[in-house]
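S.K.: Dropping a structure here in structure tokens format, bear with me for questions.
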Amino acid sequence: MNMCQECEKNPVYEFTNKRKLCKNCFIKWFFKKFLYTIRKFKMIRPGDVIGYENKGDFRGVVLEDLLKDYSKNMDVEIYSLPSKKKITKKAETQTLDIASYKVINELIRGSAKKFKEISPKKGKTIKPLYYFLDQEIEIYAKLKNLKFKKIKNKEKKDKISIFIDNLEEKHPEIKRAIVQNYTKSFDEHVKSYNKK
């Protein structure tokens, strides 16, 4: 049966391993993964004041929604940027799609020095959407009835991003594999990254 494997309801999303989730289970999975990303990279600590920028696109509205939910039960404050309050962390909307493109781009161009810029956490900058595909983020926004601006002209893509998108179509999970391999390297060097 084509039903959610958690609660036997009609699914809204199917993973590449054929696992299906309904609306409520997808939202729970999404928030749980958001928490996992924050904890894995120690992005937020008690007492943090987090600033974020919401440009009204699907990534921005989802980041804002998640941070608001997170702050309800945690000792953190969140503010939309620009803010008069001094922030301790800035949350950005970099996603799995953006990160995988940047990793491949730097490998091809041989700009290894810029790898630090791709990391899920660098100094006061954090990227809580780091492990999500744009497709997953847009689905979350729609399921939560979040209003966002549709991008009239899709973001201009160069040959590298088109190549990666084509690879993802033929080999699902390739973007995730690219970023996971990169973050393994990031884990090994996280201490040196934080010192710089």
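Values quoted throughout were computed directly from the atomic coordinates according to the rules given, and no laboratory measurement underlies them. These numbers come from a predicted model, not from an experiment. With ideal geometry, Cβ positions are generated from the backbone for all residues, glycine too; neighbour counts draw on all protein chains shown.
S.K.: Could you point to the label whose value was computed as P(r) over Cα pairs in 5 Å bins from 0, in percent for the structure here, given (i) 1, 7, 14, 18, 19, 19, 13, 7, 2, 1, 0; (ii) 1, 7, 15, 19, 16, 13, 11, 8, 6, 3, 1, 0; (iii) 1, 6, 12, 12, 9, 7, 6, 6, 6, 7, 7, 6, 5, 4, 3, 2, 1, 0, 0?
M.R.: So the structure-derived entry is (i).
S.K.: Using label points projected 7 Å from each Cα along Cα→Cβ, tell me how many nm separate K84 and L167, to one decimal.
M.R.: The answer from the label model is 4.8 nm.
S.K.: I would also like to ask the following. With respect to the cross-link table entries K23/K68; K68/K159; K72/K124, which display a Cα-Cα separation exceeding 28 Å?
M.R.: Pairs exceeding 28 Å: K68/K159.
S.K.: Here is a follow-up. Run through the stretch 1-81 and list the trypsin sites (Lys or Arg not before Pro) located in a DSSP loop whose Cβ has at most 12 other Cβ atoms within 10 Å.
M.R.: K18, K42, K55
S.K.: Mind listing the phi-derived Karplus ³J(HN,Hα) values for the stretch 77-87, rounded to whole Hz, using 6.51, -1.76 and 1.60 with θ = phi - 60°, and x for any glycine or proline?
M.R.: 10, 10, 9, 6, 8, x, 10, 6, 6, 6, 8
S.K.: Give the range of the longest stretch in the chain that excludes all GluC sites (Glu not before Pro) found in loop regions by DSSP and having at most 11 other beta-carbon atoms within 10 Å.
M.R.: Formally, the longest exposed-site-free interval is 9-154.
S.K.: Can you give the helix-only mean residue ellipticity at 222 nm for the chain, where every DSSP H stretch with n ≥ 4 adds -39500 (n - 2.57) and the sum goes over all residues, rounded to the nearest 500 deg cm²/dmol?
M.R.: Value at 222 nm, helices only: -15500 deg cm²/dmol.
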